[in-house]
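Let me begin by presenting the structure, written as C-alpha cells, before commenting on it.
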Amino acid sequence: MDYFLTEEQRELYQLAIDFAREKIAPVAGEYDQKGEFPWPIVKEMARMDFFRLWIPEEYDGLGGGVLDLALVTEALSTACGGIALALAGTALGTFPILIAGNDEQKQRYLPSLAAGESLAAFCLTEPEAGSDAGAMQTTAKPDGDHFILNGTKHFITNGEVANYYSVIAITNPEKGSRGASAFVVEKGTEGLIFGKKEDKMGIRASATSEVVFQDCRIPKQNLLGKEGQGFMVAMKTLDKSRPGVAAQALGIAQGAFDHAVKYARERVQFGTSISSFQGLQWMLADMATQIEAARALVYAAAKMIDSGAKDVGKESAMAKLYASEVAMKVTTDAVQIFGGYGYMKDYPVEKFMRDAKITQIYEGTSQIQRNVIARHLIKESARQH
Ligand code: COS
C-alpha cells in the first residue's frame, strides 16, 4: 500500500530492511538463545546513523521525527524485535530530555546519543508501580545543590548497557504523582547500582535489568523541567514512544508473515502446496490485511506527532493497542501455518511469537491503552455536548 512517504523515508526504510536482512537475520537466533546484548550490531547501527534520526540537527542529529524512527524500528524488527529495541529503548530514554531538558542538558547528552556512542534508558516502572505508574516510591530528596535518589526501578530496557538514565522520582511525597520530577542520572554516579538481569520469554537480545538508587547523589542541574512535572514528562514521553512499540510489533508481525507465506508455498501435503488450500489462504489474507491496517494506524499516529499536534495520547495508544494485538495474532497464526515445525526452535516463527507478547505489555498494557483511549473519548464527548 502507498503511504505517500517522502523519497528519503522510502530510502531510509529500504536501508534498514537491507541492514535487517544482512546483519541481523543471520545472528538473531544466536543472540536470542544466549540472551546476549548485540554490541557489534549496535555499533553498526550507530555507523548507519540510525541513532541520529530523532535528534535535532543542532545536537548532531538528523532532525527527523517519530515516523522516521518508526520506519527503522519496523524494518529492524522484521529480523529481530529484541535487537531493534537497543535503538527504540534509547529513543524512549532520550524523549524526556527532548521534552523537558534545557539547552545545556541537551548539549551535554544528545550529541553522544546521536552518535550511538552512548545509549539511554527510561526508568519509570517499579516493583509496585507498573500500570499504576503514579504509585512510584523512588524518592529524590533535595540536599543543597543536589538531589539524593533512593529506590528501585525494574524491568528497565537498556538497563546496565545505557550511559544515561531518565528517571522519574518523587520529590514531594505529599502530592503523590503530582509530586514527581524527572532527572538524568549518568552511569558511573555513585549509588547507581544495577540489580537483577532479567531472563525473559522473548526479546532476549535486549538487556533488561533492575536499576537501584542507593543514596545516589546527583547535581540539581540534572533535573529535567521543573520539580513536580515528572509525571507529566513521563506521560508525554509515553505518548511519543508508543508508536515506536507499535512499529516494533508491526515489524515482528511482518517478519513472521513473510516466513509463513514462503513456507506455505513450499510445504507439500496431500500431494500439493498447502498454499492451495482455501483455509490457509484465508488465514494469509487476514494476516496481511491486519498488518496493513496496523501499519496505516502506526504511520498516521507518528505523522500526527511529527506535525506538532498537541494531544496525541489517544492516537498513540490506538496504534500501540492495535499493532501489538495484530503482532500476537499474526505470529500465533504463523506458528500454526508451520504446524509442528513452527513449534520447534529450528524454525524462526516461534521466536517471533515470543517476541510479540511483550508488545501487549510494556509501555502500558493493552488494557491501559484502552483506558487511555476511553478517557480521551469521554473527554471529547463532554467537550462537544
Ligand atoms: N500528557 C500530559 N499530562 C498527562 C497525560 C498526558 N498524556 N496523562 C496524564 N497527564 C497528567 C494529568 O493531566 C494529571 O495532571 P493534573 O494533576 O495537573 O490534572 C496527571 O498527569 C495525573 O493524571 P491521571 O490522574 O490521569 O493519572 P493516573 O494515575 O490515573 O494514571 C494512566 C493514568 C493509567 C494512564 C498512567 O498511569 C499510565 O499511563 N500507566 C501506564 C504506565 C506505563 O505505560 N507503564 C509502562 C512502563 S513505562 S516503559
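Out of the total accessible area of the chain (probe 1.4 Å, heavy atoms of protein only), what percent is carbon and sulfur?
52 percent
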One finds the C-alpha centres of the stretch 22-98 and the stretch 207-240 to be spaced, in Å, by 22 Å
Among trypsin sites (Lys or Arg not before Pro) in the stretch 303-341, those in a DSSP loop whose Cβ has at most 10 other Cβ atoms within 10 Å are K310
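With a cap of 16 neighbouring Cβ atoms within 10 Å, and only residues DSSP puts in a loop, list the trypsin sites (Lys or Arg not before Pro) found in the stretch 179-257.
Values: sites: K187, K196, K197, K200, R204, R217, K220, K226, K236, K240; in loops: K187, K200, R204, K226.
Sites meeting the loop and neighbour criteria: K187, K226.
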With Cα coordinates, the longest principal axis of the chain makes an angle with the long axis of helix 313-338, in degrees rounded to 10, of 40 degrees
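Given a 1.4 angstrom probe, what's the average accessible area per residue across the chain, in square angstrom?
Value for the chain: 45 Å² per residue.
Using R₀ = 22 Å, calculate the FRET efficiency as 1/(1 + (r/R₀)^6) where r is the Cβ-Cβ separation of R375 and K310; round to 0.05. Don't skip to the answer; put the middle values down first.
Numbers: r = 16 Å, r/R0 = 0.72.
Calculated transfer efficiency: 0.90.
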Between the modelled labels at A115 and Q278 (7 Å from Cα along Cα→Cβ) the distance in nm is 6.3 nm
Correct response: the longest run of the chain lacking exposed chymotrypsin sites (Phe, Trp or Tyr not before Pro), defined by DSSP loop and at most 16 other Cβ within 10 Å, is 5-269
So for the stretch 233-385, using the alpha carbon gyration tensor with a ≥ b ≥ c as root eigenvalues (a/c under 1.5 gives rounded; past that, a/b versus b/c decides prolate or oblate), I'd call it prolate
The longest stretch of the chain containing none of the GluC sites (Glu not before Pro) that sit in a DSSP loop with at most 11 other Cβ atoms within 10 Å is 191-385
Under the 7 Å Cα-to-Cβ spin-label approximation, E58 and E11 lie apart by a distance in nanometres of 2.6 nm
Helix 66-77: inclination vs the chain longest Cα principal axis, degrees, rounded to 10, gives 50 degrees
With I368 itself left out, Lys, Arg at +1 and Asp, Glu at -1 over residues whose Cβ is under 11 Å from its Cβ give +2
Counting only protein heavy atoms and leaving out ligands, DNA and RNA, the solvent-accessible surface of D2 at a 1.4 Å probe, in Å² to the nearest 10, equals 80 Å²
To the nearest 10 degrees, the tilt of helix 25-34 (Cα long axis) against the first principal axis of the alpha carbons of the chain is 60 degrees
What helix-only [θ] at 222 nm does the chain give? Using -39500 (n - 2.57) per DSSP H run of at least 4, over all residues, to the nearest 500, the answer is -17000 deg cm²/dmol
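The values are calculated or read from the model by the stated rules, or taken from the named source; none is laboratory data. All figures in this text were calculated on a predicted structure; none of them were measured in a lab. When we count neighbours, we look across all protein chains shown, and the Cβ atoms used for this are built from the backbone with ideal geometry, even at glycine. SASA here: full protein model, heavy atoms, side chains in, ligands and nucleic acids out. Shrake-Rupley method; radii C 1.70, N 1.55, O 1.52, S 1.80 Å.
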